[in-house]
Each structure stands twice: as C-alpha cells, then as structure tokens.
Amino acid sequence: MEINLEQLAENCDVSLAKATSALIFRSGGAIFGSLFAGKLLNLVEPHSVLISSVFAAAMIMEGCNYATNIWFIYLFFTLMGCLVGFIQVSALLLIRLLFKETAGPWLQSSALTFQLGCVTFPILKDTLSFHLMYHILAVLMALISLYIFSTKKAIIPKLQSPSLRTPGGDAEVQEGSSMGGEGEKSFGRGDVISAFCLFFLGGLIVETTTYLESYIEDVGASVDSDDALVALTSTSLLAQMITLYLQQDASTGSMVTYFISCAAAGLVCQLPPLIWSASSTTALWVTIFGTGLFFGPCWGLVFDVWDRFTAEPTAWGSALLNLGLQGGCGFYASGAYWVWSQRGWPRVLLCSNALAFAAAAACTLALLTVPPGSRKAVAATAAAAARRPSLLGELVLPPAPAGWAKAPARQHHNKKWGSNSVMGEALLGPVVLSRGGTS
C-alpha cells in the first residue's frame with residue numbers, strides 16, 4: 001500500500017505530503033496490533049490468529065479500490081497496520097515454535113517473502129491498472145488464508161497436546177515456560193536491541209520504495225522510476241537468496257560480522273549522489289543497486305541473529321520485534337519525508353538511508369553485550385542440525401503457554417478439530433512432541 005501512496009493521494013484529490021500522514025496512522029495501528037498480539041498469543045494459538053488476520057487484510061485491500069476520501073485512507077492504513085502486527089507476530093512465534101533450534105533459516109525465508117512482494121508489487125503496478133491490481137491482490141490474500149486454514153487440523157492439536165505440558169502442574173509450566181505469562185520475564189535484551197535494529201531497517205526500505213519516484217522527479221535525474229524500483233527490489237531479493245544459502249552452518253560471530261559489513265557498504269553506497277551531482281544518472285544507479293545489494297542481506301540476517309541472541313521464543317518477544325519494525329516503517333519514513341518537505345532538499349532521503357544503515361550496524365554490534373546465558377544454546381543448535389537431514393525433518397516443540405491449556409477456546413478447538421489431517425501431515429511432516437522442548 002505504501003508504494004501506491006501517490007496513486008491513493010490522487011484518488012482522494014490530496015497532496016502526497018498530506019497522504020504521507022497515512023504512514024503514521026499505519027504505524028499507530030501496527031503498534032496497537034503488536035502490543036495486543038503479545039497478550040492475545042498467550043491465550044490463543046498463533047495459527048488461528050494468522051488465518052483470521054490474513055482474511056481480514058484481504059477485505060482491506062479490496063476496500064482501497066473504493067476510497068475517495070483521505071479519511072478512508074487513514075482508516076484503511078490504521079486497520080492494515082493492526083492486522084500486519086497480528087500477522088507478523090503470529091508468524092514469527094509459530095516459526096520459532098515449530099522449528100526451534102533450526103528456526104533461523106526459516107525466519108530468513110519468511111523475510112524473503114517480504115522481498116518477493118517488494119519485487120512483485122512494482123511489476124504489477126507497472127503492468128496493471130490500480131483497481132485491477134487491488135482486486136487481484138485481495139483475491140490472492142483470501143486464497144492464502146484458505147490455504148493456511150487447510151493446515152489447521154494438523155497444527156492446532158500439536159500446539160494444544162497435553163504432552164507439551166511439563167510434569168508438576170500449572171505452577172511449573174508457568175515458571176518453566178519461556179513463552180510468557182504472569183510472573184515471567186517475557187522478553188530479553190536481545191529482543192529489545194533487535195527491535196531497534198528493525199526500526200531502522202524497516203524505515204529504510206519503506207522510505208526508499210515510497211519516495212524514490214519523488215526523489216527522481218525533484219532532482220531531475222534521467223531515470224525511469226518504475227525501472228529503478230524494480231532494480232532496487234530485485235537486487236535486494238537476489239542478495240538475500242544468496243545470503244540464505246551462505247548462512248547455513250555459519251557461526252554467530254560470522255553472521256554478525258557479515259551484517260555489519262553489509263550495513264557499512266550500504267552506507268557508502270548512499271554517498272555518490274551526495275559527493276557528485278544529485279541528478280547524475282550513474283551516481284543514482286550506483287546508489288540504487290548498492291542499496292538493494294546490501295539491504296537484502298541485512299534484512300534477512302537480522303531475524304536469524306535475533307533468534308540466536310534470544311534463548312527461547314516468546315509472544316512478547318515477537319511482539320516487541322514487530323513493534324520496532326512497524327514503528328520504523330511509519331515514524332522513521334514519514335519523519336524523513338517531513339524534513340525533506342520542510343527543507344526542500346531531496347537528498348535528505350540519502351542521508352536518512354545512510355543513518356539507518358549506521359544505526360542498524362550499531363544495534364547488531366550491541367547484541368554482543370547479551371549475556372551467553374540469555375542466548376540460544378550453541379551446542380543444542382549444532383546437535384539439532386546434525387540429527388536433521390533437512391529443515392523439513394522432524395520438528396520439536398517447546399512447552400505450550402499455560403494460558404493455551406486453560407482457555408475455554410482451547411477446549412472448543414480440541415473438540416472441533418480433533419486429530420491430525422492427512423493434508424497437514426503431508427505439508428509439515430512428522431512432528432515429535434517432547435517434554436521440555438528436547439528430543
């Protein structure tokens with residue numbers, strides 16, 4: 001929706017500067033959604049939240065076709081932000097629950113889908129009319145929600161199984177589970193630092209994809225804005241795919257070093273238009289390709305690094321991470337454009353991107369201050385990787401939150417969904433349930 005912000009502004013007959021406020025509304029909704037998801041996911045399994053949120057998002061996408069008033073745009077952005085908060089927190093938590101020690105590459109894969117969307121969306125924007133594109137996207141999202149629903153019979157019984165509970169009753173579950181609950185520390189230093197890192201990375205990609213066209217027009221560069229956007233997102237996607245391959249079996253220290261190196265290189269790539277002419281075609285293409293080439297690895301690695309510097313998956317930890325991401329997407333990006341509009345200097349975009357790369361590198365370096373006892377056990381990770389022939393092998397789940405077992409809704413779901421479905425087993429493979437999250 002951010003990429004179409006200029007088109008949405010034209011539909012409502014308002015300026016882009018006024019429509020930019022929609023990003024703040026979106027971030028406000030995302031903050032509420034993330035905070036509420038942190039509480040909700042201690043009571044409801046993430047799979048159910050994911051299904052309903054994706055379907056509701058499809059309805060919002062369809063509603064964008066009929067928005068001719070800026071207040072409807074603000075409303076849709078607020079609701080979409082809230083739903084994105086639900087979707088991302090649920091997905092992060094579900095991945096870490098299902099894959100546990102080997103969750104890192106899967107978290108990177110989920111980030112890869114974000115990049116895939118960033119590549120696909122500009123192509124659709126360039127080839128389809130605005131209304132047709134949003135009709136298609138709404139239908140696709142509805143179909144995705146139905147696909148997720150088809151796996152429900154397989155996943156929910158596994159998340160609710162009594163075998164996930166540790167001996168000793170509810171008190172022991174409350175004290176021993178790291179998923180959150182009353183009396184527990186539900187997030188750690190690694191979650192907080194990673195959230196700040198995503199604040200800057202999220203702001204970087206949103207401000208670049210949203211305002212790149214305006215930048216090109218303001219500086220008078222001889223570059224097609226649609227081609228530039230496709231080049232940026234395609235390069236970023238390719239770089240992240242390569243990183244996903246290279247990341248396997250990499251040590252935590254190597255990943256931190258690679259992240260900081262890519263962030264530093266991305267910062268340097270913002271300099272050519274600042275040093276030479278802002279309208280220079282060559283300088284702008286260097287910045288576009290360089291930003292995509294070095295942003296992609298940073299975007300993928302930050303989720304894996306977060307997983308390594310947090311001991312166990314928690315609902316509040318996932319919510320905090322998404323809180324940082326959504327805050328950056330709205331407040332950081334819109335703040336940069338506000339400074340741009342006040343000063344009348346389009347190169348504020350480049351300075352803001354450089355600052356985001358530098359801050360992300362500093363946050364990742366700060367993760368090294370996380371105590372070893374608060375990190376994921378390296379030995380357990382290595383042992384898990386050794387005994388699994390592939391990431392689609394057996395899955396090990398940690399103890400479920402006490403709230404999931406107690407909530408009346410859980411009893412209703414157990415009666416409704418029953419045992420595993422054949423389709424679910426085919427999709428997920430065998431899942432080994434064990435006490436205490438060890439196999």
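The values are calculated or read from the model by the stated rules, or taken from the named source; none is laboratory data. Predicted model only: the values in this text are computed from it and were never measured. Here the Cβ is made from the backbone with ideal geometry for all residues, glycine too, and neighbour counts use every protein chain on show.
One table, with the values for the structure above:
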| read-out | value |
| --- | --- |
| Some residue of region 284-302 being in a helix (DSSP H, G or I), at pLDDT 85 or above, hydroxyl-bearing (S, T, Y) and closer than 27 Å to S15 by Cβ | yes |
| Complete set of residues in region 348-371 that are in a loop (DSSP other than H, G, I, E, B) and surrounded by 20 or more Cβ atoms within 10 Å (Cβ to Cβ) | V370 |
| Residue that is modelled with the lowest pLDDT, among those in region 324-347 that are assigned to a loop (DSSP other than H, G, I, E, B) and surrounded by fewer than 16 Cβ atoms within 10 Å (Cβ to Cβ) | G344 |
| Residues that are under 21 Å from A9 (Cβ atoms) and surrounded by fewer than 20 Cβ atoms within 10 Å (Cβ to Cβ), drawn from region 79-120 | L79 |
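Yes/no matrix, rows are residues, columns are (1) crowded, with 24+ Cβ neighbours inside 10 Å; (2) of a type in the set (F, W, Y):
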residue	(1), (2)
S194	yes, no
F200	yes, yes
L204	yes, no
V230	no, no
L238	no, no
L244	no, no
D249	no, no
